[in-house]
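Colleague: Quick one: the structure is below, and I'll ask about it shortly.
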Amino acid sequence: MAEQQGTQTITSPSDQRKSVPVVTVESFYNSHAEKLQMKLEGPRVGFHRKIREPTINRPGLALSGFYIYFAEKRVQVLGAAEHSYLKSLPKLRTRRFRKLCERKIPCLVMSRGFHLAPELLSVTAEAKIAVFRTPMITMKFINAATIALEMDFSPTVTEFGSMVDILGIGVLIRGASGIGKSECVLGLIERGYSLVADDVTRITSLEGRELMATAPELTRNHMEVRGIGIIDVAKVFGIGSIRIEKRLDLVVTLKEWHDVEEVDRIGLDREFYEILGLPVPHVTIPVRPGRDMARLIEVAAMDEKLKGLGQNSALDFNARLLSLMERPPSVAAASSGVAGKGAV
């Protein structure tokens, strides 16, 4: 737990269990073939090969024989320039192409719908390298595939908590088992907000800039309500009550009243909850019989939205209080509505 003046950062224990993604040609093809309009060209080989860098390489220099700076860990794309260059080398192209395939490249993609020449396709079959074809323009394919790979390579952790979208603010609700997280989520859904994940939330870091939360595929759209069982939220409350994913903006921890050492009455000190190296604003709300926890979480989300717009109620109140204290006693008493002795 690290502390700075006016702030406190709590590191999530799930960071120790973050998953390091392994992206293979098979997983890349299965996940993105439809979006990238990819089709297999030639035999189904080399699907076990790993893609070790989340970006794309065009092997034009490599085909000319220059391999000093060759990005062999990336998906290789042959566009119009590479295709024309190979066509211009009728006698050398098989030798040059074989030298390329001797490297540990994951796979080859032919853009603009080009077909690989039969003699070159036999070279890839020998080397057990998968070849794909896409009708997309080369740069559009590179941009789309890079975004897809960035998502595939993003580190992911699992947080035990429920995620809700409240007025565009993604709120992760944490707390001990049985403290009432699901009841809070139900109350928020009844107010018109959307469920992202119940009880178990998968969180992914996107380029180290923001955290995106979603539910595991098995439990998506479902909730466990103690005493009732599993319910399908979309069928009970309507399709508008669910979201597939949402950016994480606020973490709320529910704690029993007697377990909270000190209740923050003003809110000047900011607390953060660190997930995958990114700090997320964090508030702790004490749980006590009779308190409307769903309403309190809703207000916390609204307050966080105001802070995002540059409005901090605690700082504004503190500034007004300090300004009042700096005035002469008579002016301060008059401003605060307290009449002095002898006032009419």
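The values are calculated or read from the model by the stated rules, or taken from the named source; none is laboratory data. Keep in mind the model is a prediction, meaning the values are calculated, not measured. Counting neighbours? That spans all protein chains shown, and the Cβs are built from the backbone with ideal geometry, glycine included. Heads up: the accessible areas ignore ligands, DNA and RNA and are worked out on the full protein's heavy atoms, side chains in. Shrake-Rupley method; radii C 1.70, N 1.55, O 1.52, S 1.80 Å.
Colleague: Within the stretch 44-76, track down each residue that is farther than 12 Å from Leu149 by Cβ, assigned to a loop (DSSP other than H, G, I, E, B) and open to solvent by less than 60 Å² (accessible area, probe 1.4 Å).
Modeller: Hits for the stretch 44-76 are Val45, Gly46, Phe47, Arg49, Pro59, Ser64, Gly65, Tyr67, Phe70, Ala71, Glu72.
Colleague: Can you tell me how many residues in the stretch 89-101 are open to solvent by 70 Å² or more (accessible area, probe 1.4 Å) and in a loop (DSSP other than H, G, I, E, B)?
Modeller: The number of residues fulfilling the criteria is 2.
Colleague: Looking at the stretch 176-184, is at least one residue within 30 Å of Lys35 (Cβ to Cβ) and out of contact with any Pro (no Cβ under 6 Å at 6 or more places or on another chain)?
Modeller: no
Colleague: Just to be sure before I move on: is Ile230 exposed (fewer than 13 other Cβ atoms within 10 Å of the Cβ), at pLDDT 90 or above and under 19 Å from Leu167 (Cα atoms) in the structure I sent?
Modeller: no
Colleague: On to the next question. Restricting the first residue to the stretch 284-305 and requiring it to be under 11 Å from Ile173 (Cα atoms), which pairs with a second residue that is crowded, with 19+ Cβ neighbours inside 10 Å and of a type in the set (Ser, Thr, Tyr) meet a Cβ separation below 6 Å and a spacing of at least six or different chains?
Modeller: Thr284/Thr253
Colleague: Determine if the stretch 234-252 includes at least one residue that is touching a Pro at 6+ places or on another chain (Cβ under 6 Å) and under 30 Å from Ala319 (Cα atoms).
Modeller: Yes - at least one qualifying residue is present in the stretch 234-252.
Colleague: Six or more apart or on different chains, Cβ atoms under 9 Å: show the pairs whose first residue is in the stretch 159-178 and among the aromatic types (Phe, Trp, Tyr) and whose second is open to solvent by less than 10 Å² (accessible area, probe 1.4 Å) and part of a strand (DSSP E or B).
Modeller: Phe160/Thr201
Colleague: Considering only residues that are in contact with a Gly (Cβ under 9 Å, 6 or more places away or on another chain) and assigned to a loop (DSSP other than H, G, I, E, B), look in the stretch 156-197 and name the one that is most open to solvent (accessible area, probe 1.4 Å).
Modeller: If we take residues in the stretch 156-197 being in contact with a Gly (Cβ under 9 Å, 6 or more places away or on another chain) and assigned to a loop (DSSP other than H, G, I, E, B), then Gly192 is most open to solvent (accessible area, probe 1.4 Å).
Colleague: Now for a separate question. State all residues of the stretch 261-288 that are acidic (Asp, Glu) and either at pLDDT below 90 or part of a loop (DSSP other than H, G, I, E, B) (or both); if no residue qualifies, say none.
Modeller: Within the stretch 261-288, Glu261, Glu262, Asp264, Asp269, Glu271 qualify.
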